[in-house]
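Report on the structure given below.
The values are calculated or read from the model by the stated rules, or taken from the named source; none is laboratory data. Fair warning: this is a prediction, and the values are worked out from it, not measured in the lab. Cβ: placed from backbone, ideal geometry, glycine included. Neighbour counts: every protein chain shown.
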Amino acid sequence: MARWRGSLSRRGLRALSETFCIQITTQPFRAIVSFTQTAHSAATIEDRTANERSSTQKAPMSRTNETLIQALKESGAIKTSAVEAAFRAVDRADFVPEELRADAYLDTALPIGHGQTISQPTVVAFCLEQLAVAHGMRVLDVGSGSGYTTALLSQLVGPSGEVVGVEIIPELVAFGQENLAKYTPTNARIEAAGAALGKPSAAPFDRILVSAAAEEMPAALKEQIADGGRIVLPVQQSICVVDRQGDFFPFQCHEGYVFVPLVT
């Protein structure tokens, strides 16, 4: 598997700083990540999945959601009991295409069609840990795709919370809704994205998670996060954690990730 280490360009750093009027702090996070760029994503991910399957055949083991969770705990990706419980309650195999279900518990991104992927479990766990969701919160899931992160978030907010997933690709809206319905959540839904990024009509949100990479920080999301809230989103090859403190938006970026581009 490839090891990626990336950094924001000077242009990206300048755009982040100008958008939020605060100096950026970057912090490397070395993680084994999967290719998720659209240009060659299907072939690359299929090749990588085949290689992992071949490796597994050499050292047979039973892959389950539980073995995935244990691997994420051992690697340090899962740190809190809340995130662990969410992963245990939501089975990743329910959110991948039928032909890839045998590979659902591999720690790799998998294609879900239309140039998009379900993200690598390590990356999902890292984002959820950084998001620090609590019961009762309102959360916006931008680029909900397969519905996997929306389902995980519904576990984290609890019955008194609310999760709104938005997706711009119509076929993935239907795919995500179908997958999410397997868990019949009363506190989460997936909707077709409108013309504006996010869900301005339902703002403010306590937390916002974005699962696709922007070239620079989207200013539109700044207007949708509540005071004291947090946004976790990829910007270029970094995952950035943005906190709102009144009119100030301090943030920190963790380098070393690759995501599919944010479609707006």
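Just so you know, in the range 106-119 the residues that are in a loop (DSSP other than H, G, I, E, B) and over 10 Å from the mean Cα position of the chain (by Cα) include one that is modelled with the lowest pLDDT, and it is Gly115. Only one entry of Asp243, Asp206 meets the criterion of being more than 17 Å from the chain's Cα centre (by Cα), acidic (Asp, Glu) and modelled with pLDDT of 95 or more, and that entry is Asp243.
Considering only residues of the range 232-259 that are closer than 11 Å to Ala214 by Cβ and not polar (S, T, N, Q), which is surrounded by the fewest Cβ atoms within 10 Å (Cβ to Cβ)?
Only one residue fits best here, namely Cys240.
Within the range 82-89, is there a residue that is within 22 Å of Met137 (Cβ to Cβ), assigned to a loop (DSSP other than H, G, I, E, B) and of a type in the set (Lys, Arg)? No: the range 82-89 contains no residue that is within 22 Å of Met137 (Cβ to Cβ), assigned to a loop (DSSP other than H, G, I, E, B) and of a type in the set (Lys, Arg).
Would you say Leu172 is in contact (Cβ under 8 Å) with a residue 40 or more places away in the chain and within 19 Å of His254 (Cβ to Cβ)? So Leu172 fails the test. Put simply, of Gly165, Gly194 the only residue that is in contact with a strand residue (DSSP E or B) (Cβ under 9 Å, 6 or more places away or on another chain), of a type outside the set (Asp, Glu) and outside any strand (DSSP E or B) is Gly194.
Of the residues making up the range 120-162, not one is within 18 Å of Asp243 (Cα to Cα), of a type in the set (Gly, Ala, Ser) and assigned to a helix (DSSP H, G or I).
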